[in-house]
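Beneath this line is the structure, given in structure tokens, with notes to follow.
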Ligand code: NAD
């Protein structure tokens with residue numbers, strides 16, 4: 001068992017629940033402190049310590065880090081893309097201040113490592129759409145993307161100037177069944193499974209040919225842990241790594257689900273989220289992550305759809 005003491009902020013969200021459970025398996029339940037604004041998630045109960053925390057309260061966060069002898073922080077609290085567009089200033093405030101609070105405490109307390117996810121939302125309408133490279137035009141069109149891009153710059157800054165070992169991944173849309181999604185533009189790829197099973201029908205809020213980069217949650221969790229466990233020398237990107245697995249459109253995932261649920265039908269009613277999706281890449285070049293720390297996804301569309309349907 002390793003000696004690290006980990007704090008997860010935003011542990012009750014779509015990624016937080018699964019990441020907390022995975023880290024508790026590796027480090028031992030008692031060494032992974034889960035925290036969130038919300039009540040403890042059902043799946044976390046009895047698996048390790050839980051504290052109520054508002055990451056915006058820097059003093060409270062600082063006390064928590066000292067009291068629990070925290071050595072690593074995973075910051076997952078954020079306002080996501082679709083929700084962010086409804087309240088841009090709130091999204092900017094929460095996404096930026098939470099990160100600055102964590103980075104600054106990491107610097108002051110000399111923490112071993114910090115993890116903070118960025119997103120494909122950093123790319124904007126002027127970025128190349130196919131196989132979007134690690135380094136390219138980055139002009140995000142959403143407040144969420146702007147906050148992620150600024151956050152990446154802050155991560156690199158804290159690493160370069162203060163030696164904070166902060167690591168980051170630009171997650172694509174994440175698909176999972178254990179905990180509900182939190183208001184992103186790729187949430188359709190989760191809703192579609194629930195509606196296919198319950199109603200045999202789904203009305204998609206994106207148009208049928210909207211291709212977006214996606215990933216199944218087990219791959220995202222493994223990527224996160226592999227990045228955090230990599231040697232310092234393997235990490236050449238201190239802003240955030242491109243990370244890819246698969247790319248599909250609503251009609252492609254619909255057809256894949258239909259192979260297992262023959263009665264399933266789909267129609268389309270694009271809303272404000274179409275514009276967000278249209279500003280994002282269709283697919284991602286993650287060759288830097290593959291070369292630096294050996295990233296390799298396991299799940300493609302058919303394998304993911306089969307596994308989702310088996311678990312729901
Ligand atoms: P989520 O919305 O499901 O979970 C976020 C959690 O943070 C929630 O449980 C929420 O209660 C908590 N939270 C919000 N404000 C807080 C505060 N002030 N103090 C403490 N906790 C607070 O989000 P998620 O999908 O799990 O995403 C986690 C991270 O990954 C975010 O940074 C997000 O931008 C990033 N990301 C997610 C996806 C995806 O598809 N899910 C894709 C790209 C990037």
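Here, each number is a calculation from the coordinates, and none is a lab measurement. This one's a predicted model, so the numbers in the text were calculated from it and none came from an experiment. Here the Cβ is made from the backbone with ideal geometry for all residues, glycine too, and neighbour counts use every protein chain on show.
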(message) Can you pull out every residue in region 248-274 that is in contact (Cβ under 8 Å) with a residue 60 or more places away in the chain and within 22 Å of the chain's Cα centre (by Cα)?
(response) 250, 253, 272, 273, 274
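One line per residue, one yes/no per condition, for (1) surrounded by 17 or more Cβ atoms within 10 Å (Cβ to Cβ); (2) over 24 Å from residue 90 (Cβ atoms); (3) in contact with a helix residue (DSSP H, G or I) (Cβ under 6 Å, 6 or more places away or on another chain):
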| site | (1), (2), (3) |
| --- | --- |
| 181 | yes, no, yes |
| 221 | yes, yes, yes |
| 230 | no, yes, yes |
| 234 | no, yes, yes |
| 242 | yes, yes, no |
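Can you tell me which residues in region 166-197 are part of a strand (DSSP E or B) and over 24 Å from residue 6 (Cβ atoms)? Step through it out loud before you land on a result.
Applying the first criterion (part of a strand (DSSP E or B)) to region 166-197 yields 166-167, 169-171, 173-175.
Within region 166-197, 173, 175 qualify.
So that you can scan it fast, the table gives a plain yes or no per residue for (1) touching a helix residue (DSSP H, G or I) at 6+ places or on another chain (Cβ under 8 Å); (2) under 28 Å from residue 162 (Cα atoms):
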{"residue": "11", "(1), (2)": "yes, yes"}
{"residue": "18", "(1), (2)": "yes, no"}
{"residue": "45", "(1), (2)": "no, no"}
{"residue": "51", "(1), (2)": "yes, no"}
{"residue": "58", "(1), (2)": "yes, yes"}
{"residue": "65", "(1), (2)": "yes, yes"}
{"residue": "110", "(1), (2)": "no, yes"}
(request) Could you check, for region 125-142, whether at least one of its residues is near the ligand (Cβ under 10 Å from one of its atoms), in contact with a helix residue (DSSP H, G or I) (Cβ under 9 Å, 6 or more places away or on another chain) and either over 22 Å from residue 211 (Cα atoms) or touching a residue at least 60 places away in the same chain (Cβ under 8 Å) (or both)? (result) no
(message) I'm trying to understand the selection: among the residues of region 16-72, which are within 14 Å of the ligand (Cβ to nearest atom) and in a loop (DSSP other than H, G, I, E, B)?
(response) 37, 38, 39, 40, 41, 53, 54, 55, 56, 57
(request) Among what's in region 165-208 and is touching a strand residue (DSSP E or B) at 6+ places or on another chain (Cβ under 8 Å) and without any contact (Cβ under 8 Å) to a residue 24 or more places away in the chain, pick the residue that is farthest from the ligand (Cβ to nearest atom). (result) 195
(request) Kindly indicate whether residue 7 is more than 9 Å from the ligand (Cβ to nearest atom) and in contact with a strand residue (DSSP E or B) (Cβ under 6 Å, 6 or more places away or on another chain). (result) yes
(request) Given the conditions (1) within 10 Å of the ligand (Cβ to nearest atom); (2) surrounded by 15 or more Cβ atoms within 10 Å (Cβ to Cβ); (3) over 18 Å from residue 165 (Cβ atoms), report the number of the one that residue 75 does not fulfil. (result) (3)
(request) Any chance you could count how many residues in region 275-286 are part of a helix (DSSP H, G or I) and under 16 Å from the mean Cα position of the chain (by Cα)? (result) 0
(request) Just one of (1) assigned to a helix (DSSP H, G or I); (2) near the ligand (Cβ under 9 Å from one of its atoms); (3) touching a residue at least 60 places away in the same chain (Cβ under 8 Å) trips up residue 95, so point out which. (result) (3)
(request) Could you tell me which residue of region 78-88 is surrounded by the fewest Cβ atoms within 10 Å (Cβ to Cβ), considering only residues that are in contact (Cβ under 8 Å) with a residue 12 or more places away in the chain and away from the ligand (no atom under 13 Å from the Cβ)? (result) 88
(request) Please go through region 287-312 and pick out each residue that is part of a helix (DSSP H, G or I) and surrounded by fewer than 16 Cβ atoms within 10 Å (Cβ to Cβ). (result) 287, 291, 302, 303, 306, 310, 311
(request) For residue 102, work out the one condition from (1) surrounded by fewer than 21 Cβ atoms within 10 Å (Cβ to Cβ); (2) assigned to a helix (DSSP H, G or I); (3) in contact with a helix residue (DSSP H, G or I) (Cβ under 9 Å, 6 or more places away or on another chain) it doesn't fulfil. (result) (1)
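Filter region 127-148 down to the residues that are touching a strand residue (DSSP E or B) at 6+ places or on another chain (Cβ under 8 Å) and assigned to a helix (DSSP H, G or I) and list them by number.
Residues satisfying the conditions are 144, 145, 148.
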